[in-house]
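Enquirer: One structure, as structure tokens, below. Some questions next.
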Amino acid sequence: KMSSYSLLFLAGVTAAEAWTGVAAPVTQLGLRGAHRSCGMQAPAMILGASSSETLRLDRRALLEFAGKAAVAPVVVGIAFPREAAAESLSKDTAAAVGKLPLDVLKTIAGGSEKEFKGLQADYESDLTGVELALYQAYMYGAVKVPVTEDPRISLRPLFQSKMSDGLIKFAQANGIAPKVYDARGDGLTNVGKGGVLKGSKVLLDGLKKQGLLDDYTLDTSEYDENEWKQGTGSTIISVIVKKPVGMAASRALEEEDAPLQLSLVGNVVSGYMRQCKVVSEFLVEPAKDGEKISFTLSWAGKARLAQSISRRSKDKFNTARAFTKDKPKEEKEKAEEEAADE
């Protein structure tokens, strides 16, 4: 059986070889060749070899390799960021986040624990912990919420919306509560008071404390307050997130056909935007040690809001007009009453 120590050794050798450019002096290991032909199955093949085989090491080559691989632990951390991203997660947080996609699928697509467990064997991966839980849940989600020819009947937007709702509830349960207001007329800065932009930072700082991301940078350089308040167009803000939980699962999902988009940060920020009457569509792109999430923002209910404003304006105009029209008549009747009393 393959132990965690064996896997760690093989991972270290692979990373050290990549870093130093020196082949590991293990003549029978065949690690690089096995990886080329067998991918992630290589460690199992290698460790499954007969125990009677003796690995002969050339002393001089070993010393050269060991000297040049002194920085290999750093490379191992870079080569396998999936573990580093979730290191500070508590068990409760990992469990809550890992089960959220399944809860959503049960609600909107008739998913069940029994069906998921029956398919779980098809979703094998070298991921571990919360990353594995998310990967398998999203693989199951791609089955329950497939791509449709007509996007209007697709459940995928609803899935993302419900993921946003669930993550907002998780944030609130953990004391992460950015201010909620109507960000349409007051702008994303709430007339200079901070607004959605400050609220997004409060939200991201809270997620950071929960261990769901390592760090972030919020870019609002494309936002124009005056244009936004007119409500005629959209604007873009972006967040570069370092080592978010779900990143490794997302990268693994990219190798599958028609996967569901996985970005916990994208979901939670988008959910907060919706609370503030802002429609948010996000796109995730790989970035160094993380991902870049671009949010395209526009007014929620723009057409309905425009009709409402127009209707209220007309009501005020008609009320004022009726008052002006009826005023001479009222004055005439009053004058006639006063004359009759005299």
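The values are calculated or read from the model by the stated rules, or taken from the named source; none is laboratory data. Just so you know, these numbers come straight off a predicted model, no measurement behind them. Counting neighbours? That spans all protein chains shown, and the Cβs are built from the backbone with ideal geometry, glycine included. Heavy atoms of the whole protein, side chains included, go into the accessibility calculation; ligands, DNA and RNA do not. Shrake-Rupley method; radii C 1.70, N 1.55, O 1.52, S 1.80 Å.
Enquirer: I'd like to compare 259-271, 285-297: which one has the highest average count of other Cβ atoms within 10 Å, and what's the full order after that? Walk me through the numbers before you get to the answer.
Expert: Working: 259-271: 23.9, 285-297: 17.0.
Output ranking for 259-271, 285-297: 259-271, 285-297.
Enquirer: What trypsin sites (Lys or Arg not before Pro) does the stretch 89-198 have in DSSP loop regions with at most 12 other beta carbons within 10 Å? Can you show the working numbers first?
Expert: On the way: sites: LYS91, LYS99, LYS106, LYS114, LYS117, LYS144, ARG152, LYS162, LYS169, LYS179, ARG184, LYS193, LYS198; in loops: LYS179, ARG184, LYS193.
Counting only loop positions with at most 12 other Cβ atoms within 10 Å, the trypsin sites (Lys or Arg not before Pro) in the stretch 89-198 are LYS193.
Enquirer: Could you give the radius of gyration (one decimal) and Dmax (whole number) of the Cα atoms in the stretch 84-239, in Å?
Expert: 18.4, 54
Enquirer: Roughly what would the spin-label model give for THR296 and SER125, points 7 Å off Cα along C-beta, in nm?
Expert: 2.7 nm
Enquirer: I'd like the GluC sites (Glu not before Pro) in the stretch 173-257 restricted to DSSP loop residues with at most 16 other Cβ atoms within 10 Å, sorted by number. If you can, show how the numbers build up before the last one.
Expert: On the way: sites: GLU222, GLU225, GLU227, GLU254, GLU255, GLU256; in loops: GLU222, GLU254, GLU255, GLU256.
Of the GluC sites (Glu not before Pro), the ones in loops of the stretch 173-257 whose Cβ has at most 16 other Cβ atoms within 10 Å are GLU222, GLU254, GLU255, GLU256.
Enquirer: Give me the percent of accessible area attributable to carbon and sulfur for the stretch 213-262, probe 1.4 angstrom.
Expert: Details: 940 of 2580 Å².
Carbon and sulfur: 37 percent of the exposed surface of the stretch 213-262.
Enquirer: Return the ratio Rg/(2.2 N^0.38 Å) for the stretch 142-201, where Rg is computed over Cα atoms only. The partial results should precede the final answer.
Expert: Working: Rg = 16.1 Å, N = 60, 2.2 N^0.38 = 10.4 Å.
Output field value: 1.54.
Enquirer: Pairs to check: LYS91/LYS114; LYS162/LYS292; LYS179/LYS208; LYS114/LYS242; LYS144/LYS198. Give those whose C-alpha atoms are more than 30 Å from each other in this structure. The partial results should precede the final answer.
Expert: Details: LYS91/LYS114 23 Å; LYS162/LYS292 22 Å; LYS179/LYS208 18 Å; LYS114/LYS242 35 Å; LYS144/LYS198 36 Å.
LYS114/LYS242; LYS144/LYS198, as the Cα separations exceed 30 Å there.
Enquirer: Can you grab the distance from the C-alpha centre of the stretch 222-242 to the C-alpha centre of the stretch 197-220, Å, no decimals?
Expert: The stretch 222-242 and the stretch 197-220 have Cα centres spaced 18 Å from each other.
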